[in-house]
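Report on the structure given below.
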Amino acid sequence: MNNNTIYLDNAATTSMSAEVLNAMVSVYNNTNGNSSSLHSKGREASNLVDSSRDIIAESINAKSNEIYFTASGSEANSWALIGIARANRLKGNHIITSKIEHPSVLEACKYLEQDGFKVTYLDVDKNGFIHFDEFLRVLTNNTILVSIMSANNELGTIQNIKAISHTAHEKGAIFHTDAVQLFGNMNIDVVDLGIDAMSMSAHKIYGPKGMGCLYLSNSVKIDPIVFGGNQERSKRGGTTNTAGVVGMAKAVEIAMRDMRSNNHKIRGLADYFVAQLTTAVEHVNINANIHQKLPNIISVSFVGIDGESLMTKLDLEGVCVSTGSACSSNSLALSHVMKAINLSNEDAKGTIRFSIGKNNSYEEIDRAIAIIKKSVDELRSYSSVFGAKTRKRKGDK
């Protein structure tokens with residue numbers, strides 16, 4: 001990345017920390033065995049995987065044998081939804097989720113609907129919180145699974161997971177949460193919160209891309225969706241990515257160690273960004289309740305601006321942002337999250353997600369604000385001139 005580039009898309013992915021990279025390089029250089037092999041090199045790799053599993057389990061107050069490694073948070077979500085639904089379909093066929101879930105959850109639900117399951121997609125309010133009265137109304141004894149994300153990847157909204165899980169359990173339903181954005185940024189105790197299954201990812205916390213895991217309570221039944229091997233206690237086939245596992249565990253260690261200082265820095269940067277932006281640029285709206293969200297994610301609607309055009313201009317000026325989830329940003333369709341919180345089409349089209357990380361600085365924020373103001377002013381000036389010419393041509397007819 002160019003040294004002058006201002007990276008404000010940390011919710012999409014973070015840069016890998018030097019400590020994580022060093023840990024992974026050490027594995028690549030010194031541990032070339034397959035962790036499933038019984039010889040000494042295999043046992044050496046297996047020991048690294050086991051100790052990494054211990055680290056991740058301890059960070060969320062889980063048991064080590066409740067951690068299953070996957071290739072991503074998306075795989076963990078797909079596996080949780082499809083695997084749990086299939087394994088428990090004799091108990092019922094109803095699933096509850098929300099309209100602002102990650103695409104990996106929503107697409108898994110659509111797939112399950114084709115397999116005979118019934119899915120209820122809960123509405124959310126303007127800040128992205130589910131309507132609890134609707135949740136209570138649709139939850140029945142036939143509900144086998146409730147999947148609500150901990151913190152939304154476009155708004156940062158943090159749901160009341162403990163209340164949701166407790167309510168789900170009253171009807172005997174299993175509770176799963178996509179914690180990809182929350183994991184490593186806030187303390188999570190799966191026992192205290194009543195979480196039965198939880199998806200996590202490494203690359204959101206300065207770890208390796210292509211590495212995730214699923215926490216699954218020992219009390220929950222799940223069917224595999226990746227076949228062909230006895231890895232992960234015969235629940236997920238495929239050669240274990242030993243270096244990736246070690247890298248994720250190191251990232252978790254660092255996140256837990258530095259959580260307080262990182263959050264303090266990021267909140268300060270985020271508050272400063274919002275204050276400077278709303279002062280420098282007119283007609284902007286900050287989406288979501290700033291007191292009930294992750295501080296690093298800032299969703300901003302620029303009135304009268306096309307978000308794709310603004311994102312492109314910012315990129316040309318060296319500022320990296322996104323218009324929504326990285327998993328759907330290549331699509332020109334409006335964000336399903338912005339639709340769900342009932343933004344107008346114009347505001348939804350003009351929405352940019354800024355996400356701040358621990359490596360950002362106040363100097364970068366100042367430069368970014370100046371570039372954002374310049375880009376917005378240029379787009380609005382162009383729009384005004386183009387609109388005036390259009391009106392004139394219409395008047396000439």
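The values are calculated or read from the model by the stated rules, or taken from the named source; none is laboratory data. Since we're looking at a predicted model, the values are computed, not measured. For neighbour counting, all protein chains shown are included, and Cβ atoms are generated from backbone atoms with ideal geometry for every residue, glycine included.
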Could you pull out the residue among ILE95, ILE144, ILE100 that is β-branched (Val, Ile, Thr), over 21 Å from ALA71 (Cβ atoms), assigned by TED's automatic domain parsing to the domain that holds ASN241 and part of a loop (DSSP other than H, G, I, E, B)? ILE100
Region 220-265 - residue that is among the basic types (Lys, Arg) and not in a loop (DSSP other than H, G, I, E, B) and, of those, nearest to ASN34 (Cα to Cα): ARG233
State all residues of region 14-39 that are of a type outside the set (S, T, N, Q), more than 28 Å from ASN185 (Cβ to Cβ) and touching a Gly at 6+ places or on another chain (Cβ under 6 Å); if no residue qualifies, say none. GLY33
Out of (1) of a type in the set (A, V, I, L, M); (2) modelled with pLDDT of 95 or more; (3) in contact with a Gly (Cβ under 6 Å, 6 or more places away or on another chain), the odd one out for ILE56 is which? (3)
Selection count where residues are under 18 Å from the mean Cα position of the chain (by Cα) and within 18 Å of TYR272 (Cβ to Cβ), scope region 332-374: 7
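It is to be established whether one or more residues within region 41-54 are under 23 Å from GLY229 (Cβ atoms), charged (D, E, K, R), touching a helix residue (DSSP H, G or I) at 6+ places or on another chain (Cβ under 8 Å) and surrounded by 20 or more Cβ atoms within 10 Å (Cβ to Cβ).
Yes.
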Residue ranges of helices (runs of 4 or more DSSP H) in region 280-397 with at least 3 members modelled with pLDDT of 90 or more and aliphatic (A, V, I, L, M): 307-316, 336-340, 362-396
Yes or no: region 105-116 includes at least one residue that is assigned to a strand (DSSP E or B) and either in contact with a strand residue (DSSP E or B) (Cβ under 9 Å, 6 or more places away or on another chain) or surrounded by fewer than 21 Cβ atoms within 10 Å (Cβ to Cβ) (or both). no
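Results for (1) modelled with pLDDT of 95 or more; (2) under 19 Å from VAL49 (Cα atoms); (3) not small (Gly, Ala, Ser), shown as yes or no for each residue.
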| position | (1), (2), (3) |
| --- | --- |
| VAL190 | yes, no, yes |
| MET200 | yes, yes, yes |
| SER219 | yes, no, no |
| THR239 | no, yes, yes |
| ARG257 | yes, no, yes |
| THR278 | yes, no, yes |
